[in-house]
Structure formats: C-alpha cells, structure tokens
1. Check every one of the strands (runs of 3 or more DSSP E) wholly within segment 106-145 and list those with 3 or more residues that are touching a residue at least 40 places away in the same chain (Cβ under 8 Å) and either out of contact with any strand residue (DSSP E or B) (no Cβ under 7 Å at 6 or more places or on another chain) or buried (at least 20 other Cβ atoms within 10 Å of the Cβ) (or both).
2. Can you tell me which condition residue 94 does not meet? The list is (1) within 30 Å of residue 229 (Cα to Cα); (2) in a helix (DSSP H, G or I), and all the others hold.
3. Based on what the data block shows, is residue 96 at pLDDT 95 or above and on the phi > 0 side of the Ramachandran plot?
4. Which one of these is within 27 Å of residue 202 (Cβ to Cβ) and either modelled with pLDDT under 95 or surrounded by fewer than 19 Cβ atoms within 10 Å (Cβ to Cβ) (or both): 84, 80?
5. Restricting segment 12-42 to residues that are in contact with a strand residue (DSSP E or B) (Cβ under 9 Å, 6 or more places away or on another chain), in contact (Cβ under 8 Å) with a residue 40 or more places away in the chain and more than 18 Å from residue 153 (Cβ to Cβ), which is surrounded by the most Cβ atoms within 10 Å (Cβ to Cβ)?
6. Are any of the residues in segment 201-220 in contact with a helix residue (DSSP H, G or I) (Cβ under 6 Å, 6 or more places away or on another chain), part of a loop (DSSP other than H, G, I, E, B) and at pLDDT 85 or above?
7. Consider residue 67 carefully, then state whether it is surrounded by fewer than 15 Cβ atoms within 10 Å (Cβ to Cβ), at pLDDT below 95 and closer than 20 Å to residue 1 by Cβ.
8. What is the residue count in segment 2-61 for residues that are closer than 23 Å to residue 72 by Cβ, assigned to a helix (DSSP H, G or I) and within 19 Å of the chain's Cα centre (by Cα)?
C-alpha cells in the first residue's frame, strides 16, 4: 500500500503557547482531529478507527482498506488525557497520533523554533503571563520539494505578522486569511518579529546534540537545559536546548475542550 497524503494548509494548522515568561513566549504547531478526518475523506480511501486499552493506556487504530490484499491495514498509537475532558481528550489524541503514523501532519515535527519576543502581560486574576494577542494564526506555510520539511512559515498576531521563517516560494500553502504587513498598518505599533532563514532544526536533531562532555541534550535535566538557553554562546546549542525543553513542556499544557494537543 502506497498512499501519500497532502501537506497541511496554513488554515488547518493551529498555534499553542509552549513556554512563556516576562520576556516572551514560544509557539507550538498542531492539528486537530477534524483536520485528520477531512484529509482521510478527501483522499478517497476507505478508512475506519477503533479504540482499545492496553496496560492502562487508550490506543487508537486507524485502518485503511487495501484493495490488493482485500483487508484493512492498521496503524496505531496511544493518547494522553485532556485536562478538561478526560475520556474524549485521550480518544481524540490517540486518533491524531495514529494519523501521524500514516503520515498526516508529520511535517509539523520539522517546525522551526518559534519565539515571539515581548508581547506578554500578566493575567489580572491568576497573575500568570499570557500573550497580548487575542488571535494567533498561521497565515502561510511552505514545504520542501518532497513535502517532508517546513521551509516557509508566517504567523500573525491580531492580523500583524509576528514571525516569519524562510523565503516565499511556489511551494507555499496559504490559508484563507492573509495577514497585512505591519508597515501597512500605521495605526498599530509593529510587534516584535523573529526572522529566521536557515534550515530549521528538528526535535530529533536537538535531542541528539551533545555537550562538550558527550552528553546528549535529550538526557540533560531541565535546569541544565535552561542554563544552556540562558548562557550558551553557540546559537544552535541554545536553539536545541529550547526545542528539547518545549518538547517536554507540551505534555503539561492545558488542551482545548476536545483534547487537542500539539504535534
């Protein structure tokens, strides 16, 4: 069976805050379960899903019918609980992860490190830092020729571009809503912008990066990773440490009502 699913469009990708402090915040990209179902349906395959429990974990199997073998081929993965709706969140998450095993949205793992400088405030009731933006959206995304890596990414906050990575190309896939460049919106101050043009570091590369003593970043405790983020002179080391920290942090995020978690 050789099925190739298309890359995600910009309007199918959601943004979630990963880590945040008084200096700024990071963003993670993810897809929701409705996106997976839509792509499965539009591809024209016959598919099914089923859930089962194994050693206390809820798994989902997504099966696609093989016309040659005359049977369903399954790929599965387990999910994590939602903080708001436990059973529904875990079922939704296991389904999304199973779809990633089929290749849907796998390109999100190659997202560049997304850091937005400033643009934070303290919540009036909780005192926790939150972004000042009411709406954060992916407005443009582009991929490598083989579709496996993100090479272009533009994110807007309340309609203004706040993050831009890579150069625009024919491979760019835009969403329904376009952000106006901040320069064309003189009535609003220009938010801080983080621009990157190098090849984005993947989480796998970040984990395998080593210290001078030969220790993998994946094996370092959080306090040592944070020290690297704050003090390392090498930009790639700082970026790798941030990626590993954010990868660990997403497990503690408060998901949306349907248990959507970033990938």
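The values are calculated or read from the model by the stated rules, or taken from the named source; none is laboratory data. None of the values given here were measured: they were computed from a predicted structure. Here the Cβ is made from the backbone with ideal geometry for all residues, glycine too, and neighbour counts use every protein chain on show.
1. Numbers: elements: 114-117, 120-122, 129-131, 136-143.
Of the strands (runs of 3 or more DSSP E) lying wholly inside segment 106-145, those with at least 3 residues that are touching a residue at least 40 places away in the same chain (Cβ under 8 Å) and either out of contact with any strand residue (DSSP E or B) (no Cβ under 7 Å at 6 or more places or on another chain) or buried (at least 20 other Cβ atoms within 10 Å of the Cβ) (or both) span 136-143.
2. Only one criterion is unmet by residue 94, namely (1).
3. Details: at pLDDT 95 or above: yes; on the phi > 0 side of the Ramachandran plot: no.
No, not satisfied.
4. On the way: 84 fails: within 27 Å of residue 202 (Cβ to Cβ).
When all the criteria are applied, what remains is 80.
5. 36
6. Yes.
7. Working: surrounded by fewer than 15 Cβ atoms within 10 Å (Cβ to Cβ): yes; at pLDDT below 95: yes; closer than 20 Å to residue 1 by Cβ: yes.
In short, yes.
8. Qualifying residue count, segment 2-61: 7.
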